[in-house]
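Working notes for the structure below.
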Amino acid sequence: MRNVNTKSTAPKKALGKAILPRPKKILSIDIGGTKVKFLASGETEPRKIISGPDMSPAKLVEEVAKLTKDWKFTAVSVGYPGLVGSSGPLAEPGNLGSGWVGFDFGTAFGCPVRIVNDAAMQALGSYDGGRMLFLGLGTGVGSVLIVDHAVIPLELGELLAKKGRTLSTYLGRAGLEKAGKKRWRRRVLSMVAALQRAFLVDYVVLGGGNSKHACEPLPPGVRLGHNLTAFRGGFRLWGIEDVPTLHGSAHNANRLSHSAGDWRLL
């Protein structure tokens, strides 16, 4: 995709560890079930492409490349709608095309790439300090806890909510369509109150495509996320030393030195 000077992107060695330079220009990509949005640091207007069952990783890279020819960046952050490991996606997304697991993102983009779950990237961009619980209300329910700059991905959507249904079914898109907006909103606020107490958080941020149906006013300690928080999270991702970086091979993952910052991904 891009011509990158290998001297500037290859990790340097110091005291037996791979030390990665912090990129100055980052392309942040938020992958959704109906559209993919992306923004480069220093730019002001996000761009987007249509997503869906035909969206493969190769098509993603191709389409993003076409629309970012006038943008300069030396690293890429990707918010992926599924489980992510040290070498990228661990499972194929249910609402996109196939081929994500094992795809060589570093080579495809031609620069270092960091991939995290999309809820984690949105949570990272929403964080204002203290103890925060992020709930992503979309097809299912994404969840992330951040405590004093430690990012802890959760799977609260797997919890049983009512009549044997999981929280993802109860509060996800299917639950919204079945219950209607008014009833669904009551469910969300009731569950949020319980989770606030359970995790002892200072505040809860509601994000994801369906969060807009939660509506204002919200209870104290609860707020809606902003559309741009995912991009901010992608930019912040390069300040976390525990996130693997893919360099032209899905199995060549390096991390920043632990002296690089005070963020942690657990």
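Laboratory data are not the source of any read-out in this text; all were calculated from the coordinates shown. Keep in mind that this is a model prediction, so the values were computed, not measured. Cβ atoms come from the backbone with ideal geometry, glycine included; neighbour counts cover every protein chain shown.
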Which listed pairs, of LYS37/LYS182; LYS48/LYS163; LYS25/LYS59; LYS59/LYS181; LYS48/LYS178; LYS59/LYS162, have C-alpha distances above 32 Å, in listed order: LYS48/LYS163; LYS59/LYS181; LYS59/LYS162
Virtual spin-label span in nm between GLU45 and LEU189, 7 Å along Cα→Cβ: 3.8 nm
Residue among VAL144, VAL116, VAL222 with the largest mean-square fluctuation in a Gaussian network model of the chain, springs linking Cα atoms under 10 Å: VAL222
R0 of 22 Å, Cβ-Cβ distance LEU218-ALA174: FRET efficiency to nearest 0.05: 0.40
Kirkwood-type radius of segment 121-224, with distances r between different C-alpha atoms, in Å: 13.5 Å
Per-selection Kirkwood Rh - the chain (Cα, Å, 1 d.p.): 19.0 Å
Local electrostatic count at GLY130 - Lys and Arg +1, Asp and Glu -1, tallied over other residues with Cβ under 9 Å: -2
Simple spin-label estimate for LEU67 and ARG197 in nanometres, 7 Å along Cα-Cβ: 4.4 nm
